[in-house]
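The numbers here are math on the coordinates, done by the rules we state, and not lab data. Keep in mind that this is a model prediction, so the values were computed, not measured. So basically every Cβ, Gly included, is an ideal-geometry build from the backbone, and we count neighbours across all protein chains shown.
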Ligand code: G6P
């Protein structure tokens with residue numbers, strides 16, 4: 001959420017515009033750029049997407065120093081006045097900010113009788129820089145940093161200095177260099193387009209980039225040596241039909257193979273037997289889709305492990321008094337590795353003596369830095385806001401990690417673990433068979449698009465799949481949707497069944513087929529329409545037949561028709577599937 005880019009290079013304005021387009025998944029309600037001129041700083045900003053900013057900036061002269069921002073509103077409504085950058089009243093500083101300045105009201109009072117141009121917390125930073133300016137921008141920046149509470153990645157232009165200054169506390173920020181210039185950015189994958197060497201700014205750091213390179217300090221002013229690495233160059237291209245989501249769904253078979261290889265090549269779980277046997281509870285913590293993968297992994301692995309498997313929503317975990325001590329292992333699951341709630345949860349586990357284990361798609365992320373162990377899910381860049389392939393890769397990684405935990409604890413035999421590794425090889429082909437039926441899903445989506453509400457139901461290991469199917473559908477189609485354990489429908493929700501309601505039943509366990517058949521009959525008897533996702537059919541439901549797989553890996557396959565169903569339904573309704581309203585990817589505020 002909110003993307004920041006800064007460039008010191010030839011054509012800094014056009015490069016910043018290009019970078020903002022790549023960062024647009026982080027927020028897309030307004031955007032702006034500040035360009036350093038010889039005697040002034042010019043600011044261009046507008047409500048709307050980067051395309052609107054490109055239009056506004058057509059013909060604007062180049063500069064060799066610029067900063068830019070794409071916004072996901074937190075404080076202040078969506079309008080041009082609240083778009084970043086903000087100028088200080090004397091117009092000597094321009095500021096862009098990602099995060100929340102939690103004490104901004106108190107700081108505004110401290111600033112006294114000044115007139116703000118926006119309703120944002122971020123503008124305060126520009127005003128503080130002017131107020132405390134002592135002739136040295138870095139010293140002033142550090143003075144301001146020590147006054148700010150909350151989360152922030154801030155980039156600053158100062159008049160007459162061919163430099164960009166920045167602050168980082170909690171919100172992500174990376175710097176990078178190449179033969180062509182020096183850059184800073186919210187996202188490693190994005191900056192890798194410009195920089196051949198990248199360093200993550202440590203939490204609690206102040207940064208100065210110039211043609212001479214990168215200098216980093218902690219908030220007391222002590223220098224920190226940047227830790228540069230060569231980033232993986234990331235391709236970021238939409239699919240043939242112009243959106244990322246369908247392309248990302250169709251990558252699932254390939255990415256599942258890489259996820260398994262990633263587990264094997266990364267050395268597996270990497271816990272000692274003594275450590276693995278110490279745990280009494282294993283938390284699986286994440287938000288949104290990542291939470292659903294924790295639910296799924298816990299549900300599938302419960303029978304394998306003699307330990308409590310506890311999936312918890314990250315924002316609940318932080319304040320929810322969950323017991324943590326040296327006997328707790330926590331898997332912190334996050335595609336981006338930057339979701340603030342999940343990073344805070346990791347910090348809480350670590351501060352209470354638990355063992356933290358990041359399961360992420362971004363090895364250089366804040367989450368990876370906050371955790372003792374990291375497993376990379378190897379899903380490759382995911383840009384559609386609604387997560388798809390990362391979910392399947394999280395399931396693959398977690399299944400293998402949890403099964404190996406069982407081996408170390410003695411509840412799973414080495415033979416069963418080896419069998420799981422073998423069975424997991426069949427998953428990509430099973431997913432490919434589902435993808436071959438995408439035209440059938442698209443036809444069913446025509447009917448779903450006419451419904452006013454859709455309920456997803458499943459029992460035991462199929463319930464988390466129902467949760468993920470429901471989340472996908474509501475996120476991108478805006479149709480009201482809920483997930484229920486199938487047996488729970490009759491305890492209230494049956495009252496909502498009528499002809500423009502659809503129920504999607506997920507069933508992968510033949511032993512529970514009969515129970516699910518009863519649930520389907522109960523809803524159709526009350527006038528609702530039913531669809532089924534199962535390796536078999538039900539008399540009262542329109543089927544989407546999926547291949548039968550090992551129950552431990554079945555969810556990696558059965559979720560795929562639901563991902564496709566959400567996609568095609570949203571398309572049918574004319575929604576912007578990659579950038580659904582009000583949402584953003586990489587939610588870096590609590
Ligand atoms: C946002 C996105 C969701 C995503 C969630 C967690 O809410 O809209 O699609 O599942 O963040 O993201 P993470 O990067 O932590 O997996």
Roughly speaking, what % of Cα-Cα pairs in the chain are separated by over 41 Å, rounded to a whole number?
28 percent
Output the relative contact order of the chain, whole-number percent, from Cα pairs under 8 angstrom with separation of 6+ residues.
12 percent
Over the chain: helical MRE at 222 nm, DSSP H runs n ≥ 4 each giving -39500 (n - 2.57), nearest 500
-11000 deg cm²/dmol
In whole angstrom, and with the biggest value first, how far do the Cα coordinates of region 225-336 range along each principal axis?
48, 34, 31
Plugging the Cβ-Cβ distance of residue 39 and residue 62 into 1/(1 + (r/R0)^6) at R0 = 25 Å yields, to the nearest 0.05, a FRET efficiency of 0.95
What's the whole-number percent of alpha carbon pairs in region 1-60 lying beyond 18 angstrom?
28 percent
Calculated over region 240-425: convex hull of Cα atoms, volume per residue (Å³):
101 Å³
Quick one: if you stick a label point 7 Å off each Cα along the C-beta vector at residue 219 and residue 102, how many nm between them?
1.1 nm
When the gyration tensor of region 144-227 is built from Cα positions, what are the square roots of 5 times its three eigenvalues, in whole Å, from largest to smallest?
20, 14, 12
Region 141-286 - convex hull of alpha carbons, volume per residue in Å³
212 Å³
Calculated FRET efficiency for the pair residue 414/residue 308, C-beta based, R₀ 22 Å, to 0.05
0.40
Förster radius 25 Å - calculated FRET efficiency between residue 500 and residue 241 (Cβ-Cβ, nearest 0.05):
0.30
Largest-first principal axis extents, alpha carbons of region 3-229, Å
46, 42, 33
Peptides 125-136, 179-190: what's the order by average Cβ count within 10 Å, highest mean first?
179-190, 125-136
What is the Å³ per residue value for the convex hull set by the Cα atoms of region 436-576?
91 Å³
Using Cα pairs closer than 8 Å and at least 6 residues apart in sequence, work out the relative contact order for region 436-576, in percent.
31 percent
Within 10 Å, count the other beta carbons around each residue, average over each peptide in 62-69, 159-166, and list them highest first.
62-69, 159-166
Highest mean packing first, using Cβ neighbours within 10 angstrom, the peptides 208-219, 191-202, 248-259 sort as 248-259, 191-202, 208-219
